[in-house]
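The values are calculated or read from the model by the stated rules, or taken from the named source; none is laboratory data. Model, not experiment: these values are computed from the prediction. Glycine also receives a Cβ, built like all others from the backbone with ideal geometry; neighbour counts cover every protein chain displayed. Note: accessible area is taken over every heavy atom of the protein model, side chains too, but ligands, DNA and RNA are not part of it. Shrake-Rupley method; radii C 1.70, N 1.55, O 1.52, S 1.80 Å.
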Amino acid sequence: MALVVQKYGGTSVGDLDRIRNVARRVARYREEGHDVVVVVSAMAGTTDRLLQMAHDLAELPDERELDVLLATGEQVTIALLAITLNAMGVPAVSMTGFQCRVLTDASHTKARISQVETEGLRRALDQGKVVVVAGFQGVDPATGNITTLGRGGSDTSAVAVAAALGADACEIYTDVDGVYTTDPNVCERARKLKRISYDEMLELASVGAKVLQIRSVEFAKKFGVPIHVRSSFSDDEGTWVVEESEEMEQVVVAGVAYDRNEAKVSVRGVPDRPGIAAKIFGALAERNIVVDMIVQDVGEGDRASMTFTVPKADLKRALAVIEPVAEELGATHVEADTGIAKVSIVGVGMRSHAGVAAQMFEALSREGINVMMISTSEIKVSCVIEEKYTELAVRVLHSAFGLDRENGANA
Ligand code: ADP
Ligand code: ASP
Ligand code: MG
């Protein structure tokens, strides 16, 4: 008998038939004698719809209230799934993040889990119940406020619950049947991976492969939780995210990812002297706005441009912070560009190979794709390009690094 945590994403609980499908799958695990904790997302489209309503009512909705609103999506699905399981004769109980004590810090809309208390979960499991936990939400114990964990946060809820309970595995059920060499919805030659290391998955998630939220992989690596990414529509083996091992494919580039969720901001004509960057980025950090790439160009005379990217969702807030700072610094103007995307290649094999970045730039330039910003890490290279070239760039890089599968079925 094992203890499994299963997470079902928005598409897997997208309508009542799909909720029945999930309930049948859970029931089967129970029949096999396993203890099951299920973590669910809101029904597909719900979180987007709730966000849209808030933004229709206010330009910068209050973040505490946004969390109260967004958490309702998952509350609907936990209740619907528990109702279905109970009606099928499988005893089940739903728990919100507050009820099962998913404790977080106070950062509304992007809270971090500090602890998951397991007493309530264990009690329900000991009573022979399936526990259905709301993903994406927690509670700040200092204030009792509801918090949410950032888009895609149910993955992190699931892994955190699995780590706290010492579960044997954490299964992430989604609308694709595993982790691929790139998004299979963008590149039909993407290949399904049998295994991927925590480190590669961390980088892929950090540069936009939304199949797993980055924090879920951080938790899994820290607590040694094996993640199995698979489809809720089949019984096929998916992809195991585990510690790096000899058995893994020895390739330079393991995957290609893209991210359309960033915007570029340029502060033009700032004096080129010490302290300017500290002032700009200090102001953004104070407001908890995460900056990704940064480039400083030396301009004419003693003036420079500072260009950086922030999440599109934070752009309005970022501009509200930056405009007064730019004025104070004597900058000429501030520009924002939302028509950009970031494409990245990731692979632990890069540690021992030179020239990978050059190969990437060359592949992009052959298609006439201009690179606006570059950043690298030990196992990743990212380029900011015009958004309209995203899909082309992904396919070109996938091919250039030998990732295309042959015609026919996936391995
Ligand atoms: P869920 O709602 O189940 O959490 P998500 O939409 O968050 O699902 O994540 C699954 C999606 O991630 C897939 O539909 C796919 O388009 C996208 N994706 C991006 N990169 C990859 C990749 N390398 N492998 C698999 N899926 C990927
Ligand atoms: N419902 C949330 C979202 O759409 C959390 C999740 O699905 O993981 O981002
Ligand atoms: Mg997701």
(message) Being touching a Gly at 6+ places or on another chain (Cβ under 9 Å), more than 22 Å from Glu378 (Cα to Cα) and open to solvent by less than 40 Å² (accessible area, probe 1.4 Å) narrows it down to one residue among Val267, Val229; which is it?
(response) Val229
(request) Report the residue count in region 41-60 for those that are modelled with pLDDT of 95 or more and not in a helix (DSSP H, G or I). (result) 6
(request) State all residues of region 179-195 that are more than 8 Å from ligand 1 (Cβ to nearest atom) and free of Cβ contacts under 8 Å to residues at least 24 places away in the same chain; if no residue qualifies, say none. (result) Glu188
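A quick yes/no check of all residues on (1) within 10 Å of ligand 2 (Cβ to nearest atom); (2) of a type in the set (D, E, K, R):
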| position | (1), (2) |
| --- | --- |
| Leu3 | no, no |
| Tyr8 | yes, no |
| Ala23 | no, no |
| Arg30 | no, yes |
| Gly33 | no, no |
| Val36 | no, no |
| Val40 | yes, no |
| Gln52 | no, no |
(message) Pairs please, first residue from region 79-96 and at positive phi, second anywhere and assigned to a helix (DSSP H, G or I) and open to solvent by less than 40 Å² (accessible area, probe 1.4 Å), Cβ atoms under 9 Å, 6+ apart in sequence or on different chains.
(response) Gly89/Ala27
(request) Starting from residues that are closer than 22 Å to Ser206 by Cβ, modelled with pLDDT of 95 or more and open to solvent by less than 50 Å² (accessible area, probe 1.4 Å), keep the ones in region 110-137 and report whichever is nearest to ligand 2 (Cβ to nearest atom). (result) Phe136
(message) Just to verify a result, which residue in region 146-178, among those that are among the acidic types (Asp, Glu) and within 13 Å of ligand 1 (Cβ to nearest atom), is nearest to His228 (Cα to Cα)?
(response) Glu171
(request) Show the residue pairs that are 6+ apart or on different chains and have beta-carbon atoms under 9 Å apart, the first residue being within region 373-395 and more than 19 Å from Val295 (Cα to Cα), the second being hydroxyl-bearing (Ser, Thr, Tyr). (result) Thr390/Tyr258; Glu391/Tyr258; Ala393/Tyr258; Val394/Thr182; Val394/Tyr258; Arg395/Thr182
(message) Quick check on region 138-175: of everything there that is assigned to a strand (DSSP E or B) and open to solvent by less than 10 Å² (accessible area, probe 1.4 Å), which residue is farthest from ligand 3 (Cβ to nearest atom)?
(response) Val139
(message) Given (1) more than 10 Å from ligand 2 (Cβ to nearest atom); (2) open to solvent by 20 Å² or more (accessible area, probe 1.4 Å); (3) not aromatic (Phe, Trp, Tyr), identify the lone condition not met by Asp48.
(response) (1)
(request) Among the residues of region 186-211, write down those that are under 21 Å from Cys383 (Cα atoms) and not in a helix (DSSP H, G or I). (result) Val186, Cys187, Ala190, Val207, Gly208, Ala209, Lys210, Val211
(message) Here is a list: Leu204, Leu284. Which entry is of a type in the set (A, V, I, L, M, F, W, C), crowded, with 18+ Cβ neighbours inside 10 Å and out of contact with any helix residue (DSSP H, G or I) (no Cβ under 7 Å at 6 or more places or on another chain)?
(response) Leu204
(request) Those residues that are open to solvent by less than 70 Å² (accessible area, probe 1.4 Å) and among the polar types (S, T, N, Q), I need them from region 289-314; list them, please. (result) Ser305, Thr307, Thr309
